[in-house]
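A short worksheet on the structure shown next.
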């Protein structure tokens, strides 16, 4: 998603991961910004519901939500810009065709 946005080519390949990321973010926010798996891990016997400490450094695990959110936001920006640019080009092409009296195939 991030690379497609910077290349200016959003499409179906970008839409699916964007939808998954937005759904995951909505679930996370709807659960009070706590991972829905945290209570499950604690019910299964974990002292703490966090599993980010398995292979990640403490500084990274502690700020994982903010780091990933920033990357997601930076990825959405170029995609939005490319989609708006594509819509303007399509509109300009349609306007040009209507003034020329021609139709697009």
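Table for the structure above
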| item | result |
| --- | --- |
| Selected residue (criterion: nearest to the chain's Cα centre (by Cα)) from residues of the range 14-33 that are farther than 21 Å from residue 74 by Cβ and exposed (fewer than 13 other Cβ atoms within 10 Å of the Cβ) | 27 |
| Which listed residue, of 94, 82, is closer than 29 Å to residue 11 by Cβ and at pLDDT below 70 | 94 |
| Single residue of the range 42-52 satisfying the filter (at pLDDT below 80 and surrounded by 12 or more Cβ atoms within 10 Å (Cβ to Cβ)) that is nearest to the chain's Cα centre (by Cα) | 52 |
| Selection status of residue 61, closer than 30 Å to residue 4 by Cα, without any contact (Cβ under 8 Å) to a residue 12 or more places away in the chain, surrounded by 14 or more Cβ atoms within 10 Å (Cβ to Cβ) and within 21 Å of the chain's Cα centre (by Cα) | yes |
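The values are calculated or read from the model by the stated rules, or taken from the named source; none is laboratory data. Bear in mind that the values here come from a model prediction, so they are computed numbers and not experimental data. Using ideal geometry, Cβ is built from the backbone for each residue, glycine included, and neighbour counts are taken over all protein chains shown.
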